[in-house]
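Notes follow the structure.
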Amino acid sequence: MNRIVTLSLVLMAPAVWASELASLIDLPVAGTALVPYSQYRDAAPHAARTDSPVDVALSVVGPFEGARQLIVQVNEGAESPSASRVTVIRDGLLDDAKRSERWDIALTRTAAGTWEIREVAKAWLCWRGAMAAGFAAKPCP
């Protein structure tokens, strides 16, 4: 009997994580901090070589070191989008103050058909305190 209960909890865990991640996208964003171009300069050439805004966003945010990641892409125009906004939320970070990071990457398609990074913004969700209720523009204390 215990084996069945344990197995069912293991099978349910990914569904619970998915609902937790989905709720992160709905948390209020009190503000974001613009990321200086110098911090994502290496991703710019990658943007000009790929068809995927998600690939560009992942090259901006770098390697993932956490428990869960949520990526939401919203395109302007369905068939051949002229712009795209990719939100990457990384949750369960290995940090005692910072729970999640939210990256918002705005891209535009150039006349040549490649992607160009227009803006990168970042916000943080803390484990405790006033900044635990939503994303904020200041890093966690």
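The values are calculated or read from the model by the stated rules, or taken from the named source; none is laboratory data. The model shown is predicted, which means the values in this text are computed figures rather than measured ones. Methodologically, a virtual Cβ is constructed for each residue, glycine included, from the backbone with ideal geometry; neighbour enumeration extends over all protein chains shown. Just the protein is used for accessible areas: all its heavy atoms, side chains included, with ligands, DNA and RNA removed. Shrake-Rupley method; radii C 1.70, N 1.55, O 1.52, S 1.80 Å.
Residue check: is Ala30 surrounded by 13 or more Cβ atoms within 10 Å (Cβ to Cβ), touching a residue at least 60 places away in the same chain (Cβ under 8 Å), in contact with a helix residue (DSSP H, G or I) (Cβ under 6 Å, 6 or more places away or on another chain) and of a type in the set (Gly, Ala, Ser)?
No, not satisfied.
Any idea how many residues of region 66-79 are in a loop (DSSP other than H, G, I, E, B) and in contact with a Lys or Arg (Cβ under 8 Å, 6 or more places away or on another chain)?
Within region 66-79, residues that are in a loop (DSSP other than H, G, I, E, B) and in contact with a Lys or Arg (Cβ under 8 Å, 6 or more places away or on another chain) number 1.
Could you please give the count of residues in region 45-61 that are out of contact with any helix residue (DSSP H, G or I) (no Cβ under 8 Å at 6 or more places or on another chain) and either part of a helix (DSSP H, G or I) or loosely packed, with under 13 Cβ neighbours inside 10 Å (or both)?
Residues in region 45-61 being out of contact with any helix residue (DSSP H, G or I) (no Cβ under 8 Å at 6 or more places or on another chain) and either part of a helix (DSSP H, G or I) or loosely packed, with under 13 Cβ neighbours inside 10 Å (or both): 9 in total.
Out of the residues in region 124-137 that are hydrophobic (A, V, I, L, M, F, W, C) and outside any strand (DSSP E or B), which is modelled with the highest pLDDT?
So the residue we want is Ala137.
Within region 76-95, is there a residue that is within 12 Å of the chain's Cα centre (by Cα), free of Cβ contacts under 8 Å to residues at least 40 places away in the same chain and over 18 Å from Ser23 (Cα atoms)?
Among the residues of region 76-95, at least one is within 12 Å of the chain's Cα centre (by Cα), free of Cβ contacts under 8 Å to residues at least 40 places away in the same chain and over 18 Å from Ser23 (Cα atoms), which makes the answer yes.
Has region 58-72 got any residue that is of a type in the set (A, V, I, L, M, F, W, C) and closer than 16 Å to Ala33 by Cα?
yes
Would you please list the contacts, defined by Cβ atoms under 7 Å and residues six or more apart or on different chains, that run from a residue in region 39-59 that is touching a residue at least 24 places away in the same chain (Cβ under 8 Å) and of a type in the set (Val, Ile, Thr) to a residue that is in a helix (DSSP H, G or I) and open to solvent by less than 50 Å² (accessible area, probe 1.4 Å)?
Matching pairs, first to second residue: Thr50/Val56; Val56/Ala43; Val56/Ala47.
Can we say Ala137 is within 15 Å of Gly31 (Cα to Cα) and either open to solvent by less than 20 Å² (accessible area, probe 1.4 Å) or not hydroxyl-bearing (Ser, Thr, Tyr) (or both)?
yes
Okay, residues lined up against (1) loosely packed, with under 15 Cβ neighbours inside 10 Å; (2) modelled with pLDDT under 95; (3) of a type in the set (Ser, Thr, Tyr):
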{"site": "Asp42", "(1), (2), (3)": "yes, yes, no"}
{"site": "Arg68", "(1), (2), (3)": "no, yes, no"}
{"site": "Ser80", "(1), (2), (3)": "yes, yes, yes"}
{"site": "Asp91", "(1), (2), (3)": "no, yes, no"}
{"site": "Asp95", "(1), (2), (3)": "no, yes, no"}
{"site": "Ser100", "(1), (2), (3)": "no, yes, yes"}
{"site": "Ala106", "(1), (2), (3)": "no, no, no"}
{"site": "Arg109", "(1), (2), (3)": "no, yes, no"}
{"site": "Lys122", "(1), (2), (3)": "no, no, no"}
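Considering region 86-111 alone, what residues qualify as being in a loop (DSSP other than H, G, I, E, B) and small (Gly, Ala, Ser)?
Selection gives Gly92, Ala97, Ala111.
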